[in-house]
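Quick notes on the structure that follows.
Only the coordinates and a few stated rules stand behind these numbers; no lab work does. Because the structure is a prediction, the values reported are computed rather than measured. Ideal geometry is used to build each Cβ from the backbone, glycine not excepted, and the neighbour counts take in all protein chains shown.
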Amino acid sequence: MKTPLPLSQLTAISPIDGRYWEKVSELASYVSEYNLIRVRFEIEAKYLIALSDAGIVRRLTAAEREKLENLGQKLSLEDAKKVKKIEEETRHDVKAAERVFRQLLGKTSLKDLIEMIHFGLTSEDINNLAYRLMLKRATKDICLPILDQLINELVSRAEKFKTIPMLARTHGQAAVPTTVGKELMVFAIRLNKQVRKLEKQKLSGKLTGAVGNFNALQLAYPNVNWISFSSKFIESLGFVPNLITTQINPYEDMIEYFQIYQRINNILIDFNQDTWRYISDDWFIQEVKKGEVGSSTMPQKVNPIDFENSEGNLTLANGIFETFSRKLGISRLQRDLSDSTTIRNIGSALGYCLVGYKSVLTGLSRIRPNLPKISRQLDKDWIILTEGVQTILRKLGVKDPYSLVASLTRGEHIDRQMWQKWVGSLPIAEDQKSKLNKLSPQKYLGLAVELVNVGIKEIKLSKKK
């Protein structure tokens, strides 16, 4: 057996901790094992404060209260290592944290409260809150800002390119004209709706004891209203109290949270794939950076690697979220441990998300519309105007205009000159023919430009709510 390699970016098993470390390192303060331990300490400390406020333990001094309030976030890496060392013996992570917590308070004026640490609780009373705090904070501080940055970049480009006509395709075939800006606005709107939902999505919390009945707490202090105590404590952490539980807090709230991430990621995968196609068709030009290599053998290539990278990483993130959705809603009887090993992968899921979000932002910053190519493609075949023609014919009362236009144009290709000749053959008045002859692919845009303005207004208003 080979000697284990020291952990580094080059020896890490996961690309999140290796290749992509620079892109995700800020998540370590939120979803690492170290921070999980810190948040557990934070919850245990705040629980002691709540016991004091309820008159179950003595009144705390201002200094003691402040110490407990800050204990979790000030927990040193060395103290966290002590927890891991004790866990090797206990094989129980929360019990190991409790023992180190006892050691820390044993050196302070709070040493008389040591026996009230983790009083009447089960480990899941701590863990369900810890994981939700980690998820909520990482989302708020890391993921939401970069998603909003991405929305802003899409909106900025949508406004800048809102008047640039572009051929739209349905089923991969030429459809009717649209604009570059309007198509970017579609993604901005879709993304913004889901990001705002993520921003407002509520998580629940439980503090109900071994199997959810407050058994030990009620036995020890029968005169305390433990339902009220639990609700107030959960609300103080920013969660909705869940009072009807087994040992665990059922995961439906987290599953809903993860599924919003999945929808966000699917929207961006869709954007990545569309942008990849536009680049492939040379409708979008990528900025060439000196020194970069597109291929080890083909020096001419500028590959859309940022969009491909984003697509791959967001697909991986969604794979983990999908596993969460399938697994976490199922727990044998009052509790089994399979959820615990699963939920630890929150950091991996968010890590792949973050790589994907940053990659698409980088890719977006390096592309611009290839105006001559887009214009030539749009002007290539005036057949795309026949939707408007058959609609005008309907308005004028021509019998079955759809079939008439289809019989004359389906599968054909028409340039400007042929278009004018074709319009001249239609069974309509000269003033209507003149109207159609003034039509062009560049002018047949409907309300595309106005819709971009509507989208900009909608996004601005959504952020004020």
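Some notes on this structure:
- Over all pairs of different C-alpha atoms, the chain has a mean inverse distance whose reciprocal, the Kirkwood radius, equals 26.6 Å.
- Between the listed residues Thr178, Ile374, Leu445, the Cα displaced farthest toward the positive end of the dipole of the chain, a dipole computed from Cβ unit charges relative to the Cα centre, is found at Leu445.
- Interchain or long-range residues, amide H under 5 Å from Asn370's placed H: Phe284, Ile285
- Stokes-Einstein D (µm²/s) once Rh is taken as the Kirkwood radius of segment 325-394 over alpha-carbon pairs, at 25 °C in 0.890 mPa s: 136
- Computed label-point distance, nm, for sites Glu78 and Glu450 using a 7 Å Cα→Cβ extension: 7.0
- Once the chain from Ser365 to Leu333 is taken as fully extended at 0.36 nm per residue, the excess over their C-alpha distance is 6.4 nm.
- Each part gets one Cα centre, and for segment 231-253 versus segment 178-207 those centres are 26 Å apart.
- Reachable lysines, given that their alpha-carbon falls under 26 Å from the alpha-carbon of Lys380 and they are not under 8 places away in the same chain: Lys160, Lys162, Lys182, Lys421, Lys433, Lys435, Lys438, Lys443
- Site pair Glu287 and Gln273 shows an inter-label distance of 2.8 nm when each label is modelled 7 Å from Cα along Cα→Cβ.
- Mean-position separation - Cα centroids, segment 391-448 and segment 310-360, in angstrom: 53
- The mean sequence separation of alpha-carbon pairs under 8 Å and at least six residues apart, normalised by the residue count of segment 381-437, gives a relative contact order of 41 percent.
- Helical segments meeting 27 Å axial Cα length and Kyte-Doolittle -1.0 threshold in the chain (DSSP H): 33-53, 180-200, 252-280, 305-327, 346-365
- The listed peptides 98-105, 394-401, ordered by packing as a protection proxy, come out as 98-105, 394-401 (highest mean of other Cβ atoms within 10 Å first).
- The ratio of the alpha-carbon radius of gyration of segment 381-437 to the globular-protein estimate 2.2 N^0.38 Å is 1.01.
- Extension gain from Ser14 to Glu66, taking 0.36 nm per residue of separation minus the Cα-Cα distance: 14.9 nm
- Full-stretch length increase - Thr315, Ala168 - with 0.36 nm per residue and alpha-carbon distance subtracted: 50.3 nm
- The chain: relative contact order in percent, alpha carbon pairs under 8 Å with at least 6 residues between: 16
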